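See below for the structure under consideration.
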Amino acid sequence: MTAYPSEIWYTRCPVPTPLGIAINQGVIEEDFDRLGVTVRSLQDSRDPETRASHYDHHLAHSFRQGGSVPAIWARAAGADTRVIGLSWVDESQAILALPGSGIRSPADLRGRRIALPRRDGDKIDIFRATALRALLAGMSLGGVGEHEVEWVDVDARDPAAGDGETRIGANSRRGWSGRPLYAAEFAALVRGDVDAIHVKGSLGHEYAFLGGAHVVVDTGCHPDPRIRINNGTPRPLTVDAATIELYPDLAARLLGHVRAAGEWAQRHPAETLAYIARETGSPEQFVLSAYGGDTLHRRLQTDLDPAVIDALADFAAFLFDRGFLPAPVDVPAWVHRRPLELLTQPAIRALESVPA
């Protein structure tokens with residue numbers, strides 16, 4: 001009988017992921033409990049060192065599904081992780097301007113002041129990398145070059161917060177502390193310090209609606225997937241290498257549950273929407289508008305599609321070229337197919353059966 005570790009950790013981001021659905025359903029915790037393995041959430045830990053694994057993936061026997069920037073950075077910084085699955089849920093990646101700005105199309109951004117959030121002191125500036133990628137993609141659609149705009153750094157660091165405010169990951173729109181995402185950028189837009197900002201996801205749609213801003217362009221809905229590649233497209237499911245090497249069937253069971261959650265979502269659109277509204281903390285109307293409306297429940301699969309692997313490699317190269325990574329990442333070498341292959345074994349394959 002295999003001697004499994006006493007506990008395994010997980011973390012996910014407050015975005016649409018099949019891991020989030022599986023966790024909400026309790027299927028991973030229930031299955032692993034039968035094996036004598038306690039499933040723990042980084043989000044529930046009060047230890048800052050433990051919570052930091054959301055970004056650097058240093059904890060043994062831990063897995064993560066969420067934005068690709070921290071996962072790629074952790075790999076570049078030496079974390080011994082493996083990608084065992086990839087999901088791709090298109091999300092809004094909007095450039096916003098105020099009605100009186102005269103900016104109605106990407107071409108109108110030429111010569112304007114564009115906000116770039118800056119979080120000095122972070123191990124990896126996730127939001128700056130994400131914003132830069134989306135802004136460059138949006139500008140390119142109007143034929144506007146990188147050096148044809150004025151880039152304005154906006155201090156988006158979180159203010160000091162007490163323990164009660166310190167949250168990361170799922171059910172949090174705040175990052176490490178008390179400032180909601182995009183608050184600094186939107187304040188700069190309203191003050192007139194900048195002419196355009198980047199926001200994403202359902203929270204970005206809330207800002208646009210409540211602040212009276214309009215969408216200049218949304219690269220998240222562009223028909224060319226190369227334009228849509230960013231932190232959330234695709235999202236990797238990563239596991240530390242030791243778990244795969246020592247407990248390959250455990251990694252396969254985990255992947256099986258995540259894949260089954262994606263299949264379940266296809267048959268339960270209303271329940272899926274409710275899950276994701278809770279994950280993001282946004283009203284359902286903004287979840288629908290930001291994540292593809294009535295197609296969202298059909299796009300939560302996790303696999304290792306070669307085209308999606310190529311997209312992750314494209315984004316990793318962008319991050320290194322732009323100075324966000326300490327070293328390049330060989331994405332094909334990072335991908336590990338054994339857990340997916342193990343799902344063909346009958347004892348594990350049963351995990352992918354879709355609940356009614």
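Would you be able to say whether some residue in the range 48-66 is among the acidic types (Asp, Glu), at pLDDT below 95 and under 15 Å from Asp240 (Cα atoms)?
To start, the set of residues in the range 48-66 that are among the acidic types (Asp, Glu) comprises 49, 56.
Filter once more, so that each one left must be at pLDDT below 95: 49, 56.
Narrowing further to those that are under 15 Å from Asp240 (Cα atoms): 56.
Taking every residue of the range 48-66 in turn, at least one turns out to be among the acidic types (Asp, Glu), at pLDDT below 95 and under 15 Å from Asp240 (Cα atoms).
Got a sec? Which of Gly111, Gly121, Gly100 is within 21 Å of Gly142 (Cβ to Cβ), assigned by TED's automatic domain parsing to the domain that holds Pro223 and part of a loop (DSSP other than H, G, I, E, B)? Outline the logic, then answer.
On the way: Gly121 fails: within 21 Å of Gly142 (Cβ to Cβ); Gly100 fails: part of a loop (DSSP other than H, G, I, E, B).
The unique qualifying residue is Gly111.
Of the listed requirements (1) under 23 Å from Ile244 (Cα atoms); (2) among the β-branched types (Val, Ile, Thr); (3) buried (at least 23 other Cβ atoms within 10 Å of the Cβ), Val15 misses just one: (1).
Of the numbered conditions (1) surrounded by 21 or more Cβ atoms within 10 Å (Cβ to Cβ); (2) modelled with pLDDT of 95 or more, Thr280 satisfies every one except a single condition; which is it? Among (1) surrounded by 21 or more Cβ atoms within 10 Å (Cβ to Cβ); (2) modelled with pLDDT of 95 or more, the lone unmet condition for Thr280 is (2).
The criterion of at least 2 residues that are of a type outside the set (Asp, Glu) and farther than 28 Å from Leu59 by Cα is met, among helices (runs of 4 or more DSSP H) falling completely within the range 178-268, by 183-191, 201-211, 225-228, 248-267.
Hey, any hits in the range 93-101 for a residue that's at positive phi, in contact with a Ser or Thr (Cβ under 6 Å, 6 or more places away or on another chain) and touching a residue at least 40 places away in the same chain (Cβ under 8 Å)?
Step one: of the range 93-101, the residues at positive phi are none.
No, the conditions are met nowhere in the range 93-101.
The values are calculated or read from the model by the stated rules, or taken from the named source; none is laboratory data. Model, not experiment: these values are computed from the prediction. A quick note on method: Cβ atoms are made from the backbone with ideal geometry, for glycine too, and the neighbour counts reach across all protein chains shown.
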